[in-house]
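Worksheet: the structure to be examined is printed underneath.
Bear in mind these aren't lab numbers, they're just calculated from the coordinates by the rules spelled out. Only a predicted model underlies this, so the values are computations on that prediction, with no experimental measurement involved. Glycine also receives a Cβ, built like all others from the backbone with ideal geometry; neighbour counts cover every protein chain displayed.
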Amino acid sequence: MNLATRYLGLQLAHPIVAAASPLTATLDGMRRLEDAGAAAVVMASLYEEQIRAEDTAYALYTEQGSNSQAEAASYFPELVDYNNGVSGHLETLQRASAALDIPVIASLNGTTAEGWVGYARELAQAGAAAIELNVYSVPVDPAVSGAEVERQTVDIVRQVAATVQIPVAIKLAPYFSSMPHLAAELVQAGAAGLVLFNRYYAPDIDLATLRVTRSLPLSTAAELPLSLVWIALLSRRVACSLAASRGVETDVEVIKYLLVGADVVTTASALLRHGPEHLSTMRAGLERWLGENGFDSVSAIRGLKDATHVEHVDALLRAQYVAALTDYLPGKLVS
Ligand SMILES: Cc1cc2nc3c(=O)[nH]c(=O)nc-3n(C[C@H](O)[C@H](O)[C@H](O)COP(=O)(O)O)c2cc1C
């Protein structure tokens, strides 16, 4: 069975990649993921904002843990070698890139033009196989249009891609109005891959204390459709790699994402919930399913159900909504 895939020009043994999370924040964590069979790891992001505030990912995670449900707190490993700012982050990346046989992809969340370019250069120098740009800012200024937000996003990619020699991927939020247009612009600006989609801290209000809290519940497979649709719609239509992100609980979601055209499938919540070893279960399930269904490789199923297969377009788009709604008309409800 040939599970090999290519992502960002990197040759990978199979398509399951460990997404950025506390599990990929330390050398030990990344080593554990390699031992569990990850095809590549995306190191937890370097956050310019946190560096500037002399804050750390560790503080963010522990705050998150105490503010949200007890379930989440138990997922956070001890980030012993992570609480070291930029130099600690770069050292961890350097050591992981040298020690691991699988590609270590760095992740960067910048806030300023100099930050994006400067830290990207440092991550590349530290040995990253590629860089994933974790772009997220909430446009709260009414004077800033959607077109302006897109222009800023494209500019970040253009500047970073012009600075580093390694492939640059961009991990997007799902909140853009014309994803295909933006995708084409990003590719033109130098993006070698799109990661669809990121997931963010969600604010809430504690009615007992009337305090605004933040939480990040782990995902479930119910989150799959959003990324599934957009991978399906962009597959073979953009000249870059596509990485699926969100809602991968088991091999079932891995297979679905490959069927709609993902080159790799990334997973964070499931590994936090079940441990890195869950990755080998997913891989075994993928291999089994391919064999049982008469396929001899991952390439044989990639994109089989994407939007370029016209018979499936309606099912991916709104038209089908109407049909689905009729299932819920009075008298047709199934209890
Ligand atoms: C606790 C936690 C920490 C995360 N940290 C990062 C991060 O540092 N950088 C990043 O780009 N994404 C981060 N993510 C997002 C994941 O990489 C992933 O894109 C998202 O959780 C969706 O995948 P999933 O449904 O498999 O969890 C984090 C997610 C979780 C749950």
**Request:** Would you mind calculating the gained length between residue 313 and residue 300 on full extension (0.36 nm times residue separation, minus the Cα-Cα distance), in nm to one decimal?
**Result:** 2.7 nm
**Prompt:** Say each of residue 220 and residue 112 gets a label point 7 Å from the Cα, pointing the same way as Cα to Cβ; how far apart are those two points in nm?
**Reply:** 4.3
**Message:** On a full-extension model of 0.36 nm per residue, what is the gain between residue 175 and residue 141, subtracting their alpha-carbon distance, rounded to one decimal in nm?
**Reply:** 10.7 nm
**Asked** If you bin the C-alpha pair distances of the range 223-287 every 5 Å from 0, what whole percents do you get?
**Response** 4, 20, 30, 22, 14, 8, 2, 0
**Request:** Give the whole-number value, in cubic angstrom per residue, of the convex hull volume spanned by the C-alpha atoms of the range 80-142.
**Result:** 101
**Item:** Label-to-label distance, nm, for residues given as residue 86 and residue 13 (7 Å Cα→Cβ offset)
**Value:** 3.5
**Message:** Need one number: nm distance between label points at residue 293 and residue 188, each 7 Å from Cα along Cα→Cβ, rounded to one decimal.
**Reply:** 3.6
**Asked** What FRET efficiency do you get for residue 162 and residue 201 if R0 is 30 Å and r is their Cβ-Cβ distance, rounded to the nearest 0.05?
**Response** 0.45
**Prompt:** Can you give the relative contact order of the range 130-170 as a percent, counting alpha carbon pairs under 8 Å and 6+ residues apart?
**Reply:** 69
